[in-house]
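J.: This structure is in structure tokens; I'll ask about it shortly.
The values are calculated or read from the model by the stated rules, or taken from the named source; none is laboratory data. The structure presented is a predicted model; accordingly, all values stated were derived computationally and were not measured. Please note: Cβ atoms are built from the backbone with ideal geometry, for glycine as well, and neighbour counts cover all protein chains shown. All accessible areas refer to the heavy atoms of the entire protein, side chains included, with ligands and DNA or RNA removed. Shrake-Rupley method; radii C 1.70, N 1.55, O 1.52, S 1.80 Å.
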Amino acid sequence: MRGAQWILGVIAAALVVLLGVVGLRTGLVESKQRPPGSVAAVVIDAGEAIDRLSRILRFETVSHEDSATVERSEFLALHRYLEQAFPQAHRALQPEVVGGASLLYTWGGSDPSLDPILLGAHLDVVPVEPGTELSWTHPPFSGAVSDGYVWGRGALDMKFAVTGMLEAVETLISQRFVPRRTVYLAFGHDEELGGQDGAAEIAARLEARGVRLRYTLDEGSIIISDLVPGVSRPVALIGLAEKGSLTLEIAASGRGGHSSMPPRPSVLGKLARAVNRIERQPLPAKLRTPAADLFEWLAPEMPLGARAVIANRWLFEPLLLWRLAGAPATDALIRTTAVATIIRAGSKANVLPAQASAVINLRLLPGDSVEDVVRQVRQAVSDLDVTIRIMGQGTEASSVSAADSGTFAALQQTVHDVFPQALVAPSLVVTGTDTRHYRGLAENSYRFMPLRLGPTDLDRIHGTDERIAVENYLEVIRFFIELMRVSASR
């Protein structure tokens, strides 16, 4: 009896110590947010700025899957419009056409010893899905200004950034601002196709000139509202890295013939088992930087329970991973994802296909290599009668940029200054961007655009009724004015 009491006493003491450690670590969590600073007053002619954005949305600079169908004339017409719309920028900056339709602007700094910065965006947009044209509130290439929004393909992805940066340059020039540090504006024309003829060519040109960049900033993350449980304020996510990409083809083969005498399993049955296996047995979840940084930065702003879990990952990480795996958006932050996107098989309802294949798209978590992921997928279906082939060249996940650099601090402060209510946190970008082409040239690469989006807005990107709020677009211009003023002066 005494032995049992002694054991219970030890357990109770251990629980008290454990609760004490958990409470202490939770209490030591401190906010990483910065107070908003004073920003110089900026006068923006809102009507003119909105008109210029509206006009750029009317150019049908569409990237079709077949790059040979690119309407080069539309891109060249857009170039001419930008020259006419932003005359001061085109006089003070040196514009170059790269890859036939991309643009590189050089704003020479007064101190050549300082590493330049590069701000990126892209001129191309995705096609409007056939059959959805009449579902748009305003025609997709109208650039309509209505109900407090500017509507059109590219309003969010991402012509708003092209004009937003040029508006900022025009404003700074009018204020007689001269950058100490050279500023590059890089506008690719084929980001939606991978950027091989645009951003990759711009990067090659800069590398040939011996350019070493202090940092790059391009698309990736945004300012989200009502999407982080327990956090009521908007959250500006600054991407430190982006996931890699890999496409695999899984194929099954067998005897064809009449469907009245099917084998067990059929070719499609074998393929379905393999796809099901891959989707039902996902690659392991891991909470790594920068996804881990996201939660550490937001923990101080969360309710006590969530704060305690994140502050004590050494104890609660399995619980945290389980919770994050419950939704697609957060599951993508903690694992290499794999999903079937294309199935090819059969030609007639009563004919057994002798061949069937599925395309599996994977997005690689930083720290997972293409080689390791292929090995794990092969192992997952090793007992099934299928073959696996790598399609194209896989792209490794990017390196992770620093969240404790002076550049990140400047980005964070600029967000707080222009968006005083927003929280800032590092994050992982789960899609691919043009940034991957510049990462070999830059000390740090960040992925963020100051778009305010809520739960109902995310489907507008690449979807129907793409639009940007007029007030948000004016904030975008102010953001780039302040960022260039700060970053190019040090």
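J.: Identify, please: which residue in region 450-485 is more than 23 Å from Asp51 (Cβ to Cβ), touching a Leu at 6+ places or on another chain (Cβ under 9 Å) and part of a helix (DSSP H, G or I) and is, among those, least open to solvent (accessible area, probe 1.4 Å)?
T.: Selected residue: Leu483.
J.: Moving to a separate point now. When you scan region 329-354, how many residues do you find that are closer than 20 Å to Arg378 by Cβ, part of a strand (DSSP E or B) and not aliphatic (A, V, I, L, M)?
T.: Looking only at that region, the number is 2.
J.: Right, Ala208: within 27 Å of Arg72 (Cα to Cα), under 21 Å from the mean Cα position of the chain (by Cα) and either of a type outside the set (Asp, Glu) or crowded, with 21+ Cβ neighbours inside 10 Å (or both) or not?
T.: no
J.: Here is a list of conditions, (1) under 23 Å from the mean Cα position of the chain (by Cα); (2) free of Cβ contacts under 8 Å to residues at least 40 places away in the same chain, and Ala332 meets all of them except one; can you say which number that is?
T.: (2)
J.: May I ask you to list the residues in region 364-388 that are open to solvent by 70 Å² or more (accessible area, probe 1.4 Å) and touching a helix residue (DSSP H, G or I) at 6+ places or on another chain (Cβ under 8 Å)?
T.: Correct list: Asp385 only.
J.: Give me a count of the residues in region 42-98 that are open to solvent by 70 Å² or more (accessible area, probe 1.4 Å), touching a Phe, Trp or Tyr at 6+ places or on another chain (Cβ under 7 Å) and either part of a helix (DSSP H, G or I) or at positive phi (or both).
T.: Qualifying residue count, region 42-98: 1.
J.: Can you name every residue in region 311-329 that is free of Cβ contacts under 8 Å to residues at least 40 places away in the same chain and over 13 Å from Leu365 (Cβ atoms)?
T.: Arg313, Trp314, Phe316, Glu317, Pro318, Leu319, Leu320, Trp322, Arg323, Gly326, Ala327, Pro328
J.: Further, regarding this structure: Would you check if Ala252 is at pLDDT 95 or above, of a type in the set (A, V, I, L, M, F, W, C) and closer than 30 Å to Arg389 by Cα? Break it down stepwise before answering.
T.: Details: at pLDDT 95 or above: yes; of a type in the set (A, V, I, L, M, F, W, C): yes; closer than 30 Å to Arg389 by Cα: yes.
It is true that Ala252 is at pLDDT 95 or above, of a type in the set (A, V, I, L, M, F, W, C) and closer than 30 Å to Arg389 by Cα.
J.: Next question. Has region 406-420 got any residue that is at pLDDT 95 or above, out of contact with any Cys (no Cβ under 6 Å at 6 or more places or on another chain) and open to solvent by 60 Å² or more (accessible area, probe 1.4 Å)?
T.: There is at least one residue in region 406-420 that is at pLDDT 95 or above, out of contact with any Cys (no Cβ under 6 Å at 6 or more places or on another chain) and open to solvent by 60 Å² or more (accessible area, probe 1.4 Å).
J.: Do we have any residue at all in region 390-397 that's at pLDDT 95 or above and small (Gly, Ala, Ser)?
T.: Yes, because at least one residue in region 390-397 is at pLDDT 95 or above and small (Gly, Ala, Ser).
J.: Can you tell which of Arg323, Arg335 is of a type in the set (D, E, K, R) and open to solvent by 70 Å² or more (accessible area, probe 1.4 Å)? Outline the logic, then answer.
T.: Working: Arg335 fails: open to solvent by 70 Å² or more (accessible area, probe 1.4 Å).
Going through Arg323, Arg335 in turn, the sole match is Arg323.
J.: Also: Farther than 27 Å from Ile334 by Cβ, basic (Lys, Arg) and either without any contact (Cβ under 8 Å) to a residue 12 or more places away in the chain or part of a loop (DSSP other than H, G, I, E, B) (or both) - does that describe any residue in region 259-273?
T.: Yes: one or more hits.
J.: Pull out all pairs, ordered by first then second residue, where Cβ-Cβ is under 6 Å, the residues are six or more apart or on different chains, the first lies in region 467-490 and is closer than 21 Å to Leu156 by Cα and of a type in the set (Lys, Arg), and the second is modelled with pLDDT of 95 or more and part of a helix (DSSP H, G or I).
T.: Taking only residues 6 or more apart or on different chains, the pairs are Arg478/Val418.
J.: Continuing with the same structure: Of all residues in region 24-41, count the ones that are surrounded by fewer than 18 Cβ atoms within 10 Å (Cβ to Cβ), part of a loop (DSSP other than H, G, I, E, B) and of a type in the set (Lys, Arg).
T.: 1
J.: Condition first: of a type in the set (A, V, I, L, M), open to solvent by 20 Å² or more (accessible area, probe 1.4 Å), assigned to a strand (DSSP E or B) and over 27 Å from Ser487 (Cα atoms). Can you find one or more residues in region 139-146 that meet it?
T.: Within region 139-146, one or more residues are of a type in the set (A, V, I, L, M), open to solvent by 20 Å² or more (accessible area, probe 1.4 Å), assigned to a strand (DSSP E or B) and over 27 Å from Ser487 (Cα atoms).
J.: Moving on. Out of (1) within 23 Å of the chain's Cα centre (by Cα); (2) within 30 Å of Ala200 (Cα to Cα), the odd one out for Ile388 is which?
T.: Here Ile388 clears every test but (1).
J.: Continuing with the same structure: What is the one condition in (1) in a loop (DSSP other than H, G, I, E, B); (2) at pLDDT below 95; (3) of a type in the set (A, V, I, L, M) that Ala155 does not satisfy?
T.: Here Ala155 meets the rest and fails (2).
J.: Something else: Would you be able to say whether some residue in region 415-435 is part of a helix (DSSP H, G or I), charged (D, E, K, R) and either closer than 28 Å to Val211 by Cβ or in contact with a strand residue (DSSP E or B) (Cβ under 6 Å, 6 or more places away or on another chain) (or both)?
T.: no
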